[in-house]
1. Run down the aspartates and glutamates and flag those whose C-alpha is under 17 Å from the C-alpha of Lys158, throwing out any fewer than 8 positions away in its chain.
2. Using label points projected 7 Å from each Cα along Cα→Cβ, tell me how many nm separate Arg47 and Ser172, to one decimal.
3. Rounded to two decimal places and with Rh computed the Kirkwood way over Cα pairs, what is Rg over Rh for the chain?
4. To the nearest 20 debye, what charge dipole does the chain have about its Cα centre, counting +1 at the Cβ of each Lys and Arg and -1 at the Cβ of each Asp and Glu?
5. Return the Rg/Rh value of the stretch 160-278, two decimal places, where both radii are evaluated on C-alpha atoms and Rh is the Kirkwood radius.
6. Report ³J(HN,Hα) in whole Hz for each residue of the stretch 72-85, in order, from the Karplus equation J = 6.51 cos²θ - 1.76 cosθ + 1.60 where θ = phi - 60°; Gly and Pro get x.
7. Rg and Dmax of the stretch 105-223, Cα atoms, in Å?
8. Figure the gain on full extension for His268 and Val97 (residue separation times 0.36 nm, minus the Cα-Cα span) and round it to one decimal in nm.
Amino acid sequence: MSATASTANANLRSIIHDLEIAAPPAAVWKALTDVKELIQWLSLDARVKPGVGGSIWVSWGGNHMEESEIEVWEPNSHLRTRETSPFGAFIQPPDFVNMPPRYLDYTLTPGEGTTALHLEYSGFGTGPEWDLVFQQIDAPFEFHLSTLKFYLENHTGKERSVSWARTVFRSSQEEAWRRLAGPQGFLQEGSVDGLKKGDRYSIGAANGDRFSGVVLSNHPGQQFGGTAENLNNSVIRFATTGCSGITSASAWLGSYGPKHPDAHLFEHRWTNLLDTIMKDPPAGQ
């Protein structure tokens, strides 16, 4: 679940997600705070200095990174960090430098063989210029947290390998998504319209790739993510991110354990397809 939440400051809002994970709190805590575990569901690289006053740094390469200082460290129960280098720094509005800090607050509550994980990511502005930032950070967080749940329930202890194809498109995010999520992109066959997290899906892409499994996240116009049961129960994500008339389009495959033979060529196939469908500007530009 994701939502906007009120805070002590009426001019701020929060991203909120709640998950029930079929794993004990110790396993969830380790996934949130251990370097080797963070790269199995969240980032491509990570560094952690544990304890209050320490830090957590995660990176997807280049300027795609986030770093925060640890303010609360209660193992298996509560983790709170204050951002020092924010996630999505390159898409922040001009008034970002005058905003109070953002916080990531994770609360873990034990159940019968499960853990209820509550995340509040607070400190986002409320003006129109913040709407795009809010949406473009909320959607990836939903996907990554869904991947956390999927990892702990299906692939605990297995090493993840990521294939990631990306290209830059000089136009609107709407146009980029129209191409990526159309018959020339990942939806030559099938549809994801109206699907919610947990629904079944089956699609075929223009390059011949096929994916079927369970929806992890579906944000029309921005992101689709799901399990790929036909690729050794991997995880896929197709997404666009737009800022100042420049949009990136991407295809992501996260595989656990031995790679499926098709996974080895995923990045090459999707780099070629993205470059092809995004190379020409829309008519009139």
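Bear in mind that the values in this text are calculations on the coordinates, not laboratory data. All figures in this text were calculated on a predicted structure; none of them were measured in a lab. Methodologically, a virtual Cβ is constructed for each residue, glycine included, from the backbone with ideal geometry; neighbour enumeration extends over all protein chains shown.
1. Answer for Lys158, where 17 Å is the Cα cut-off: Asp34, Glu37, Asp45, Glu229, listed by chain and number.
2. Using points 7 Å along Cα→Cβ, the separation is 4.1 nm.
3. Ratio of gyration radius to Kirkwood radius: 0.95.
4. Roughly 500 debye for the chain.
5. 0.94
6. 10, 9, 10, x, 6, 9, 8, 10, 10, 10, 10, 5, 10, 10
7. 16.9, 50
8. Difference between extended and current length: 57.7 nm.
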